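Everything on this sheet refers to the single structure shown next.
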Amino acid sequence: MRHVHIFVPAEERPAVEETLSELDVDYAVTSDGSGTEAKVLFQFPVPVDGVREVLEDLHDAGVEEGTYTVVGSAEAVLTPNVDRLQKRYAQDFTPLAEFELKSKAESLSRDDYSYVWMLFLSAIIATAGLLIDSPAIVVGSMVIAPIMGPILTATVGATTSNWEMCVAGVRQQVLGLGVAVVGATVTAFTLKELSLVSSTLAPASIELVSLRLAPSSVAILVGVAAGAAATFGVTTKGPLSLIGVMVAAALIPAAGVTGIGVAWGAPLLVLGTLLLLAATVLAIDVAMIATLSFLGYRSSVDSLRGYLQNDAVNVPAVALAALVLLAGVGVVTVGTVQQSAYQRTVNQQVEEVLGQQQYSDLQATSVSVQYAYPVGFANRETVTVTVTRTTDRSYSSLPSDIQQEIRAETGQNPVVRVRFVDYSQTNYSSASAVGVSADSISDSASSPTLAAGITSTAAT
């Protein structure tokens with residue numbers, strides 16, 4: 001329940017009393033003074049989901065939106081109509097009133113000092129976890145990173161005409177992601193130079209890194225869903241937990257991979273993960289704005305015009321920021337579309353090759369594609385295909401066959417790595433099965449050989 005205090009001129013008292021009575025809201029009134037300056041204070045309990053409706057009806061009755069209004073929590077309520085009100089709003093989903101939403105979003109923002117240090121430290125944890133291929137450590141880094149707070153404040157500000165909040169949120173987003181990349185780079189360089197991690201390590205061969213080589217349609221879909229989920233969370237009653245959203249969005253691990261790419265001198269890795277990071281943030285922002293608009297929150301052009309006119313410095317600053325933002329959005333959109341199309345083509349060609357008769361006993365379990373644009377920017381991109389097989393038969397021509405199909409379809413000539421996972425299985429009459437027995441990796445003739453194993457290793 002919420003306890004609402006609203007201070008209105010005495011002449012508006014009849015309209016407020018009539019509106020609250022029609023809504024079955026029990027209220028108490030306190031008078032303040034007399035004459036033309038007299039005011040009255042209304043106090044009434046309302047279920048959380050009813051606050052927005054009650055306030056909107058009061059505004060329709062003539063109470064100005066800027067009127068002194070305070071909404072607090074009520075631990076317990078005992079009034080004649082409280083049960084009726086609770087039943088009325090029990091099954092309804094009604095988003096928070098605009099000023100409550102603003103207050104809740106602002107509470108998620110940290111001061112710059114603690115925000116920067118939390119992101120810096122989370123980037124250190126993420127980078128260490130990636131380099132030792134530890135999912136638990138990587139998840140821990142996402143849990144403590146406060147990156148979702150500024151994203152929420154920026155989108156809430158943009159959809160509720162609070163442009164100062166929006167600008168502050170965007171600034172913190174850029175600052176935070178920059179700090180995360182710097183923290184990851186410093187950590188990766190330190191671990192490499194101190195030989196705590198082998199300098200000959202191929203970062204793309206680490207499974208947790210290979211998942212974040214470039215933007216993809218799946219990554220964008222996850223970003224959109226995470227943004228929408230965070231929006232529904234922030235617009236409802238009760239405390240908001242962003243842990244699940246932060247884990248789903250996986251922004252800090254992407255920044256960690258960027259830092260690793262810088263430390264190991266891998267331009268394609270840096271470019272691909274930076275684009276993944278930017279595309280995911282953009283997807284979350286767009287999803288939040290769209291969801292807030294769907295829930296009825298709207299900004300006005302007049303409010304933006306007023307914000308710009310209040311300070312002449314705002315005009316060139318906002319214009320420059322808008323140009324940079326539009327350019328960034330354009331680059332991210334084009335790069336993401338190109339990479340998604342390339343990855344879809346690679347997946348299709350892998351399926352086509354494995355559909356051939358000589359590969360009938362193979363099944364692809366994953367295909368990871370390094371960022372492929374711009375062509376000729378650095379060393380050729382790498383396509384890693386993991387397949388399962390039930391025999392120890394050698395398929396030395398498989399990488400080359402996949403490479404040829406990709407080259408014929410796209411005009412690009414990637415390094416193709418095929419990782420074999422061997423297993424034995426029972427026949428229909430057997431009662432038990434044998435688990436994974438071997439793991440091997442095979443490269444095309446033009447690519448370096450990479451080998452790893454579970455109980456034994458082999459390379460062809």
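Which far-off residues, 5 or more places away or on another chain, put their amide H under 5 Å from the one on R419, with H placed in the peptide plane? Long-range HN contacts for R419: V385, T386, V387, S442.
For the peptides 218-228, 386-396, the ranking by mean Cβ contacts within 10 Å, running from highest to lowest, is 218-228, 386-396. Whole-Hz Karplus values for the stretch 270-286 come out as 5, 5, x, 6, 4, 5, 4, 4, 5, 5, 5, 4, 4, 4, 5, 4, 5 Hz, taken residue by residue from phi with 6.51 cos²θ - 1.76 cosθ + 1.60 and θ = phi - 60°; glycine and proline positions read x.
Please give the contour-minus-distance gain from N413 to T365: 0.36 nm per residue of separation, less the Cα-Cα distance, rounded to one decimal in nm. Could the numbers behind the result be given before it?
Details: separation 48, 0.36 × 48 = 17.28 nm, distance 2.23 nm.
Result: 15.0 nm gained on full extension.
Model label points for A319 and Y113, set 7 angstrom from Cα along the Cα-to-Cβ axis, are 3.7 nm apart. For the stretch 71-146, the relative contact order comes to 22 percent (Cα pairs under 8 Å, sequence separation of at least 6). Taking every protein chain into account, the accessible area of the stretch 28-177 amounts to 49 square angstrom per residue (probe 1.4 Å). Could you compute the FRET efficiency for S31 and V70, with r as their C-beta to C-beta distance and R0 at 25 Å, rounded to 0.05? Using R0 = 25 Å, I get an efficiency of 0.90. Could you state the number of Å between the C-alpha centres of the stretch 88-131 and the stretch 246-280? The distance from the Cα centre of the stretch 246-280 to that of the stretch 88-131 comes to 21 Å. Each residue of the stretch 334-344 is assigned a 3J(HN,Hα), and the resulting list reads 4, x, 5, 4, 4, 5, 5, 5, 5, 5, 5 Hz, derived from the Karplus form 6.51 cos²θ - 1.76 cosθ + 1.60 (θ = phi - 60°), x at Gly and Pro. Rounded to whole numbers, the Karplus 3J(HN,Hα) couplings from phi for the stretch 181-193 are 5, 4, x, 5, 5, 4, 5, 5, 4, 4, 5, 6, 5 Hz, using 6.51 cos²θ - 1.76 cosθ + 1.60 with θ = phi - 60°, and x at Gly and Pro.
Label the stretch 162-214 by shape, choosing from rounded, prolate and oblate, from the square roots a ≥ b ≥ c of the eigenvalues of the Cα gyration tensor; if a/c is under 1.5 it is rounded, and otherwise prolate applies when a/b is larger than b/c, oblate when it is not.
Oblate, since a/c reaches 1.5 and b/c is not below a/b.
The values are calculated or read from the model by the stated rules, or taken from the named source; none is laboratory data. Owing to the predicted nature of the structure, the values given are computational and were not obtained by experimental measurement. FYI the Cβ positions are ideal-geometry reconstructions off the backbone, even for glycines, and counts take in every protein chain you see. Note: areas computed on protein heavy atoms with side chains; ligands, DNA, RNA excluded. Shrake-Rupley method; radii C 1.70, N 1.55, O 1.52, S 1.80 Å.
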